[in-house]
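Quick note: the coordinates plus some simple rules give every number you see, no bench work behind them. Please read these numbers as outputs of a predicted model, since none were measured by experiment. Don't worry about glycine lacking a Cβ; one is built from the backbone with ideal geometry, like all the others, and counts go over all protein chains shown.
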Amino acid sequence: MTSIDPDTPRTDTPEPPRRMPVAQAMRGAARQLGELLGTPPEAVSAMQPTPDGWVADVEVVELERVPETMTIMATYRVTLDSQGQLLGYERQHRYARGQLDRGR
């Protein structure tokens, strides 16, 4: 039987959780935001790693109009932890579907 000296530092500390793969985080960001808003997202337009997880920009239809180019869209910034759980979201801007990006 071996004894452990209480003054010896432990080396078996658990590793921090690994960040989930980007494709899985993208799907999770879209799914979780869709559940909260009650509407399916159109696309994930940006994905950035952070020290603690991911930040995604998710495009959502807010108001359908005819013609379709006049449909009102919104970009939501979604924050996920390293395991892909949604921590928060915020609408960044709204725009007509047919609108070109002009440097905001």
Beta carbons within 10 angstrom, averaged per residue: use that to sort the peptides 63-75, 20-32, highest first.
20-32, 63-75
Read phi for every residue in segment 28-37 and hand back ³J(HN,Hα) as whole Hz from Karplus 6.51 cos²θ - 1.76 cosθ + 1.60, θ = phi - 60°, with x for Gly and Pro.
x, 4, 5, 4, 5, 5, x, 5, 5, 7
For labels at E68 and R97 in the simple 7 Å Cα→Cβ model, what's the distance in nm?
0.5
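Name the shape class, rounded, prolate or oblate, that the alpha-carbon gyration tensor gives for segment 22-96, where a ≥ b ≥ c are the square roots of its eigenvalues, rounded holds for a/c under 1.5, and otherwise prolate holds if a/b is larger than b/c and oblate otherwise. All intermediate terms of the calculation are to be shown ahead of the outcome.
Working: a/c = 2.48, a/b = 2.20, b/c = 1.13.
Taking the square roots of the gyration eigenvalues as a ≥ b ≥ c, segment 22-96 is prolate.
Just how large is the dipole of segment 22-96 about the Cα centre, in debye to the nearest 20, putting +1 at every Lys and Arg Cβ and -1 at every Asp and Glu Cβ? All intermediate terms of the calculation are to be shown ahead of the outcome.
Details: 6 positive and 10 negative charges, 3 e Å.
So the magnitude is around 20 debye.
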